[in-house]
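What follows is a set of notes on a single structure, which appears directly below.
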Amino acid sequence: MKLLRLEWLKLRRYRFFAISTLLMVLLLILLLVFFGDINAFGQQPAENGEGQQLTPLEEDFAALGLYQMPRAYANLAYLAGYFKFFAAILVILSVTNEFTFRTARQNIIDGLSRKEFFGSKLITMLLMALGLTLLSGIATLVMALFYEQPEGASYTEGLPVLAALFTEYLLCFSLAFLLAWSLKRGAAAILLFLLYYFILENILYFALGETVGQYLPMQPGHNLIEEPFTRLTKVDKIIGLAHQEGFPWKAFGLSWAYLAAFFIAAYQLVLRRDL
Amino acid sequence: MSSQPVGETKTEIVLNTAHLRKQYGAFTAVEDLSLQIQKGSVFGLLGPNGSGKTTTLGMVLGITHPSGGSFQWFPGQASPPLKQRMGALLETPNFYPYLNALENLRLVAEIKSLSAPPYQEVLKTVNLYDRRNSPFKHYSLGMRQRLAIAAALLTDPEVLVLDEPTNGLDPQGIAEVRQIILDIARRGITVIMASHILAEVEKICDHVAVLRQGKLLYQGTVAGMVPGDSLLELGFDAAQKLGPVLQEAPAVAEAQPEGPLWLVKLHPGYDAAGLNRYLAEKGYYLKHLQERRSNLEAEFLKLVDQ
């Protein structure tokens, strides 16, 4: 509780952080609420290969079942997952600011143990992941109430996907977290984080091939929540795409192995290094 | 306050370091440093920039891991947690720039788990009460330094650790901060202060440790840094004629000309008045006679240049 209060005192008056967090929450809600109104097939009627006019499809995602249980949780969780980059930047800043302001050492001098200091940042990060996950879950529930549901649809059956979403956030944050503690500089950590996530790991993935590449640290994050659009638009049936059924245990396990390793590495760094 | 029996002269030790060492690769920042700091003293850690003062303070404050040796606060006492008995700042004052003085102090109090911290009192002590609601980023360096001292005083500490507390301040700021430190010391709080300014240590401290390139050169009282025997400056109209008389005078241990003056070192037990009388009896009337305290600056440089 003390650590939580400490973080609250530190962050609530930090305007950039506060505004960014609010903005993130707002954007997430807007995306989840209004994504259903987007036309799934674009405005132009599609043509097939032989020049035949296909039936103009002008259905929006809501009509296709975006908000229909039990898949609604998974559908919206996939969208909410994109906010991990936004949040990861805030996670980085909450750590690196302590080095920029040199308050990390002052906190320790004032009597916080290194363990407590690390713990306070870990809590911030966990709360961020938890908050976003809950927000996604609640938004799904609320939207589901607005739309007609299939008869007998279960509101709880789809819930486990939220555990996958939480894990997706944490995996992403754990890399950001480790980079923040190692580099101590906000800009450098953010840059390297984005560089690794979007470029370096992809290069590695193709260089190593899928068999080895799938074990790269951020890869399990891609397999936690299945992309919902092919199913919604029934494209999956057309191209014969197989779906993963059940909970993605392999990606889940791999994610936790990596994120635990990253957190332990960051913790060891805090314990051993001169501040 | 003290419940010790009268006549008890056992001095309490506040900080003990034994063979403390810090190595950065091939560079040794602090070497074999053994210090003893007594309760109630104002202890100066004196040395040029880069002599290991901040590294030493960083180690005893738990920021920097020592490469060797050990240190102990309040040895032999298993009482309240150390950080609640101590206020400290290292290098620059470090606070959250977007928080005001009061909010920053509240954070410190939260870290130290204080129940009813004397915010008003400490802010008044350092003359920041009127500016308590301005954000830290708008503070001048002097105000920042004073806020840091206020934060260090929140716990009503037994020890105050300061690192170059007047660095970068204007003369008025320097005077203010020094006065605050002296006031604090008068309350019986042990002060440990790093400084590269000899005059500052001379004005504020009673004990001193001199460091150079991480090595301890001297430890003891400030007065003890200066050799006990002082020099006399003698002026006489015909300076050359004074030489032979001085050689014969029983009080004189050593006499050297310096410009128009003679510098005289006396044997123990003799004083300036006695020498003056002796010379007058011989018919030599001095036009200048002054005691010259061996210059602390010179002694310091002598120590550091060895």
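The values are calculated or read from the model by the stated rules, or taken from the named source; none is laboratory data. The structure displayed is predicted, hence computed values, not measured ones. Here the Cβ positions follow ideal geometry from the backbone for every residue, glycine too, while neighbour counts run over all protein chains shown.
Comparison of A:Ala251, A:Ala188, A:Ala242, A:Ala260 shows that the only residue that is within 16 Å of A:Leu90 (Cα to Cα) and aliphatic (A, V, I, L, M) is A:Ala188.
I'd like the residue in region B:56-90 that is under 19 Å from B:Ile197 (Cβ atoms) and either facing another protein chain (nearest Cβ under 8 Å) or in contact with a Cys (Cβ under 8 Å, 6 or more places away or on another chain) (or both) and, out of all such residues, is surrounded by the fewest Cβ atoms within 10 Å (Cβ to Cβ). That would be B:Leu90. Checking each residue in region B:22-55 for being touching a Phe, Trp or Tyr at 6+ places or on another chain (Cβ under 9 Å) and either polar (S, T, N, Q) or within 11 Å of chain A (Cβ to nearest Cβ) (or both) picks out only B:Thr55. Quick check: anything in region B:191-206 of a type in the set (Val, Ile, Thr), modelled with pLDDT of 90 or more, in a strand (DSSP E or B) and closer than 13 Å to B:Phe300 by Cβ? Within region B:191-206, none of the residues are of a type in the set (Val, Ile, Thr), modelled with pLDDT of 90 or more, in a strand (DSSP E or B) and closer than 13 Å to B:Phe300 by Cβ. The condition of being surrounded by 12 or more Cβ atoms within 10 Å (Cβ to Cβ) and either under 30 Å from A:Gln68 (Cβ atoms) or touching a strand residue (DSSP E or B) at 6+ places or on another chain (Cβ under 8 Å) (or both) holds for only one of A:Pro217, A:Pro228, that being A:Pro228.
Cβ separations smaller than 7 Å between residues 6+ apart or across chains give the following pairs from region A:96-121 residues that are within 9 Å of chain B (Cβ to nearest Cβ) to residues that are among the aromatic types (Phe, Trp, Tyr): A:Phe101/B:Tyr96; A:Thr103/B:Phe95; A:Thr103/B:Tyr96; A:Ala104/A:Phe117; A:Asn107/A:Phe117; A:Ile108/A:Phe117. Tell me, yes or no, whether region B:160-180 has at least one residue that is within 23 Å of B:Gly58 (Cβ to Cβ), out of contact with any strand residue (DSSP E or B) (no Cβ under 7 Å at 6 or more places or on another chain) and surrounded by fewer than 19 Cβ atoms within 10 Å (Cβ to Cβ). Yes, region B:160-180 contains a residue that is within 23 Å of B:Gly58 (Cβ to Cβ), out of contact with any strand residue (DSSP E or B) (no Cβ under 7 Å at 6 or more places or on another chain) and surrounded by fewer than 19 Cβ atoms within 10 Å (Cβ to Cβ). Restricting B:Leu217, B:Leu231, B:Leu211 to those that are more than 18 Å from B:Gly40 (Cα to Cα), within 13 Å of the chain's Cα centre (by Cα) and hydrophobic (A, V, I, L, M, F, W, C) reduces the list to B:Leu211.
Restricting region B:132-144 to residues that are surrounded by 18 or more Cβ atoms within 10 Å (Cβ to Cβ) and either touching a Phe, Trp or Tyr at 6+ places or on another chain (Cβ under 6 Å) or not in a loop (DSSP other than H, G, I, E, B) (or both), which is nearest to the other protein chains (Cβ to nearest Cβ)? Across region B:132-144, the extreme among qualifying residues is B:Phe136.
The single condition among (1) assigned to a helix (DSSP H, G or I); (2) surrounded by fewer than 16 Cβ atoms within 10 Å (Cβ to Cβ) that A:His243 does not satisfy is (1). Residues that are buried (at least 20 other Cβ atoms within 10 Å of the Cβ) and charged (D, E, K, R) occur in region B:194-206; there is at least one. Scanning region B:96-112 for residues that are facing chain A (nearest Cβ under 7 Å) and either part of a loop (DSSP other than H, G, I, E, B) or more than 27 Å from B:Thr56 (Cβ to Cβ) (or both) turns up B:Tyr96, B:Pro97, B:Tyr98, B:Leu99, B:Glu103, B:Arg106, B:Glu110, B:Lys112. Put simply, of B:Gly173, B:Gly220, B:Gly224, B:Gly188 the only residue that is in contact with a Lys or Arg (Cβ under 9 Å, 6 or more places away or on another chain), of a type in the set (Gly, Ala, Ser) and not in a loop (DSSP other than H, G, I, E, B) is B:Gly173.
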